[in-house]
Amino acid sequence: MPNNGASKPGEKLKQGRIAPANAEWIAEAGQMIRSGALVAFPTETVYGLGADATNGEAVARVFEAKGRPTFNPLIVHVLGLEQALIIGQFSPVARRLTEAFWPGPLTLVVPRSDTSDVSDLVSAGLPTVALRAPEHPVARALLVEAQRPLAAPSANRSGHVSATQAQHVAADLGEKAAVILDAGPTPHGMESTVLSVVGDTPTLLRPGAITVEAIEEVLGEHLARGDETSSTPASPGQLESHYAPRAKMRLNAFEWGPDDAVLAFGPVAEAPARAFINLSPSGDLVEAAAHLFAALRTLDASGAATIVATPIPKHGLGEAINDRLKRAAAPRD
Ligand code: TXA
Ligand code: MG
């Protein structure tokens, strides 16, 4: 993969601080985490901006680097259930979900445990904590080297399009990470699914890389949505305009002008446009999710004032894709 950095930790990193995710750099990055620095790293979903979750100052730096409001809590990344149990309390159904989907792109919001040594800042004042065990080998190797749980939001400017390539991280966060570990484009390209398992009823807070259908198969019942149960607060990060490019977005449209940028899906005929990307000409939602955020960044870079998106089916990964597009199109302040 292209990177503009040094191949060994002794060599100086160029601007952007991109380094190959090899064993030497991962060991160096683990050391950086322990000393309180921020490290951007790949996961199977999107790149994360990681800090030692037990170090309040390091966690505060994550909010500052992203320009993220401190009422929006962070996900804590761990190697698996054993490490997660020190931080959160897992009900039988929560354990069943970890058995089915960990390591992998499922984040569980659970009550904090008394033994938790994670900074209170991570939870933004909530009595709960979001935990996930990533499956990307670089994320796992970094967790091993750091010997700490990693608080890591997506490595983009707050409210902007998520980063699925190291270059996206460099463009959004510049020198705010001590190093950006580059392992190429992230495989899913879509954030983890966030489920609350605080009460008796698991509740979907954010659709993501694991489909609702797959979760319902494990639960053996219908999965409640955040807005269906009044007892569960929606995910704080899901309330605002989010995933937003600079251009305005127009959704579910089949018509555009030559100055518009177009985000297409399926067998859509290509008409003149300033820029045109088809997420999956064959109509494959997995392929579309993997390309979504990079496509939004490329279309935005065309300079078009408006990005027009053609309809995307709502089932499977389409739920998460439509959620991101809806927020990208939401009014901004
Ligand atoms: O795939 C992912 O989940 C990526 C990679 C890096 O792991 N991370 C990610 O983090 O998307 P972030 O910070 O961009 O989104 C985390 C979401 C936000 O919507 C936040 O509000 C929610 O999880 N969240 C975190 N802690 C929570 C809590 N205690 N209660 C409810 N929602 C929580
Ligand atoms: Mg995010």
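The values are calculated or read from the model by the stated rules, or taken from the named source; none is laboratory data. Small disclaimer: the values here were computed from a predicted structure and weren't measured. Note that we place each Cβ from the backbone using ideal geometry, even for glycine, and neighbour counts take in every protein chain shown. Quick note on the areas: whole protein, heavy atoms, side chains included, nothing else; ligands and nucleic acids left out. Shrake-Rupley method; radii C 1.70, N 1.55, O 1.52, S 1.80 Å.
Here are a few things to note about the model shown:
- Stretchable slack from Gln83 to Asp114, in nm (0.36 nm times residue separation minus alpha-carbon distance): 9.8 nm
- Per-bin percent of Cα-Cα distances, region 113-228 [5 Å]: 2, 9, 15, 19, 20, 17, 12, 5, 1, 0
- Dividing the mean sequence gap of close Cα pairs (under 8 Å, 6+ apart) by how many residues the chain holds gives a relative contact order of 19 percent.
- Carbon and sulfur %, accessible surface of the chain computed with the full protein complex present, 1.4 Å: 53
- Span-rule helices in the chain, defined as complete DSSP H runs reaching 18 Å or more along the axis (Cα) with Kyte mean at least -1.0: 285-301
- Bridge orientation summary for the chain: considering DSSP beta bridges with both residues in this region, about 40 percent are antiparallel.
- In plain terms, the bigger the Kirkwood radius, the slower the diffusion; for region 248-328, with that radius from Cα pairs, at 20 °C and 1.002 mPa s, Stokes-Einstein puts D at 174 µm²/s.
- Here's the list of lysines a cross-link from Lys176 could span, going by alpha-carbon distance under 22 Å and ignoring same-chain residues fewer than 8 apart: Lys8, Lys12, Lys14, Lys66.
- Local electrostatic count, Met190, Cβ distance below 11 Å [Lys/Arg +1, Asp/Glu -1]: -2
- Two-site label geometry, Arg34 and Thr298: point separation in nm, points 7 Å out along Cα→Cβ: 4.1
- Region 292-326 and region 4-73 have Cα centres spaced 28 Å apart.
- Per residue accessible area of region 1-136, 1.4 Å probe, in Å²: 40
- Using a simple spin-label model with pseudo-atoms 7 Å out from Cα toward Cβ, Ala305 and Lys8 lie 5.4 nm apart.
- Base-10 log of normalised Debye intensity for the chain (one unit scatterer per alpha-carbon) at q = 0.07, 0.09, 0.12, 0.13 Å⁻¹: -0.27, -0.45, -0.81, -0.95
- Theoretical FRET efficiency, 1/(1+(r/R0)^6), r = Cβ-Cβ of His222 and Lys248, R0 35 Å, to 0.05: 0.45
- DSSP loop GluC sites (Glu not before Pro) with at most 13 other Cβ within 10 Å: longest gap in the chain: 12-220
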